[in-house]
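**Q** My structure is below; once you've seen it, I'll send some questions.
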Amino acid sequence: MKKNIYALILPLIVVSGLVFANREIKNDASKKSTPKPLSKPISAAEREAAMKQWYTTPGGIAYKNWEASPEGKKVLAGDAKISKQTSSYTNMEAVVISLSLPPGSQLGFGVIVRINGDDYILGYGPEKSNEFQQLHSLKVDDKIIIRSHTVSHAPKYSYPIIWFDYVERDGKIIYKRPPQQGGC
């Protein structure tokens, strides 16, 4: 009877030892894995080469065709009109002309404004965000002051897109982007 018990216990001990040893090997392997190096900044020449390569793709060809189209030229001209104010981060006077974005827009919540005779999408961000709660009080024909560092454009939209940092109405600040935390 004792021999039978020893015969059953001995393989159990051997199997347990093998499982434990295998686990130790896996843990050592995961500890020794090297972290991925941080990507180095891309040089201007590398960026230009990548853009030339992208322009040969179907998406790049479509973008070039859009840039050459009347609609693309209009959007790029509107972008250029306010580039001085965005680069120097100065006030731009705007009038709200629509409280909704174009159909199919995926920019989240925003409005369309007119600055110096040209229309722009004023992109806010997520539809349900509490951060932009005060901006929901805007009405058509409200005159606002905007400051922004960023204007973008995309073939999908008929207007340049202003990503604002500051909005003022009737001399009162209704939105000011909080400073970034923990960044560069």
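The values are calculated or read from the model by the stated rules, or taken from the named source; none is laboratory data. These figures come from a predicted structure and were not determined experimentally. Don't worry about glycine lacking a Cβ; one is built from the backbone with ideal geometry, like all the others, and counts go over all protein chains shown.
**Q** Condition (residue is at pLDDT 90 or above and in a loop (DSSP other than H, G, I, E, B)) applied to segment 91-111: is it met by at least one residue?
**A** yes
**Q** Another one. Mind checking which residues of segment 134-169 are touching a residue at least 60 places away in the same chain (Cβ under 8 Å) and touching a Gly at 6+ places or on another chain (Cβ under 6 Å)?
**A** If the condition is that a residue be touching a residue at least 60 places away in the same chain (Cβ under 8 Å) and touching a Gly at 6+ places or on another chain (Cβ under 6 Å), then Pro160 is the only one that fits.
**Q** Let me ask another. Can you report the number of residues in segment 138-155 which are under 20 Å from the mean Cα position of the chain (by Cα), within 22 Å of Arg177 (Cβ to Cβ) and in a loop (DSSP other than H, G, I, E, B)?
**A** Count: 2.
**Q** In segment 156-184, which residues are part of a loop (DSSP other than H, G, I, E, B), at pLDDT 85 or above and under 17 Å from the mean Cα position of the chain (by Cα)?
**A** Lys156, Tyr157, Pro160
**Q** Here is a check on your reading of the model: is Ile115 in contact with a Gly (Cβ under 6 Å, 6 or more places away or on another chain) and crowded, with 19+ Cβ neighbours inside 10 Å?
**A** no
**Q** Given the structure, is Glu131 over 23 Å from Thr90 (Cβ atoms), outside any loop (DSSP other than H, G, I, E, B) and at pLDDT below 90? Spell out how you get there, then give the answer.
**A** On the way: over 23 Å from Thr90 (Cβ atoms): yes; outside any loop (DSSP other than H, G, I, E, B): yes; at pLDDT below 90: yes.
Yes: the conditions hold for Glu131.
**Q** Report, by residue number, each residue of segment 54-79 that is over 24 Å from the mean Cα position of the chain (by Cα) and outside any helix (DSSP H, G or I).
**A** Of everything in segment 54-79, those that are over 24 Å from the mean Cα position of the chain (by Cα) and outside any helix (DSSP H, G or I) turn out to be Thr56, Ser69.
**Q** Under 9 Å between Cβ atoms, at least 6 apart or on separate chains: pull out the pairs that start in segment 85-112 with a residue that is within 18 Å of Tyr166 (Cβ to Cβ) and in contact (Cβ under 8 Å) with a residue 24 or more places away in the chain and end on any residue that is in a helix (DSSP H, G or I) and of a type in the set (Lys, Arg).
**A** Taking only residues 6 or more apart or on different chains, the pairs are Thr90/Lys84.
**Q** Is it true that some residue in segment 134-142 is modelled with pLDDT of 85 or more, of a type in the set (A, V, I, L, M, F, W, C), touching a strand residue (DSSP E or B) at 6+ places or on another chain (Cβ under 8 Å) and farther than 29 Å from Pro70 by Cβ?
**A** Scanning segment 134-142 turns up at least one residue that is modelled with pLDDT of 85 or more, of a type in the set (A, V, I, L, M, F, W, C), touching a strand residue (DSSP E or B) at 6+ places or on another chain (Cβ under 8 Å) and farther than 29 Å from Pro70 by Cβ.
**Q** Can you tell me which condition Lys40 does not meet? The list is (1) more than 17 Å from Phe164 (Cα to Cα); (2) basic (Lys, Arg); (3) assigned to a helix (DSSP H, G or I), and all the others hold.
**A** Only one criterion in (1) more than 17 Å from Phe164 (Cα to Cα); (2) basic (Lys, Arg); (3) assigned to a helix (DSSP H, G or I) is unmet by Lys40, namely (3).
**Q** Against the definition (more than 22 Å from Arg177 (Cβ to Cβ) and at pLDDT 90 or above), how does Asp118 come out, yes or no?
**A** Yes, satisfied.
**Q** May I pose another question? Given the residues Tyr89, Tyr157, which is the only one that is touching a strand residue (DSSP E or B) at 6+ places or on another chain (Cβ under 9 Å), surrounded by fewer than 14 Cβ atoms within 10 Å (Cβ to Cβ) and not charged (D, E, K, R)?
**A** Tyr89
**Q** Taking Ala80 as the residue in question, decide whether it is of a type in the set (A, V, I, L, M, F, W, C) and modelled with pLDDT of 90 or more.
**A** So Ala80 passes the test.
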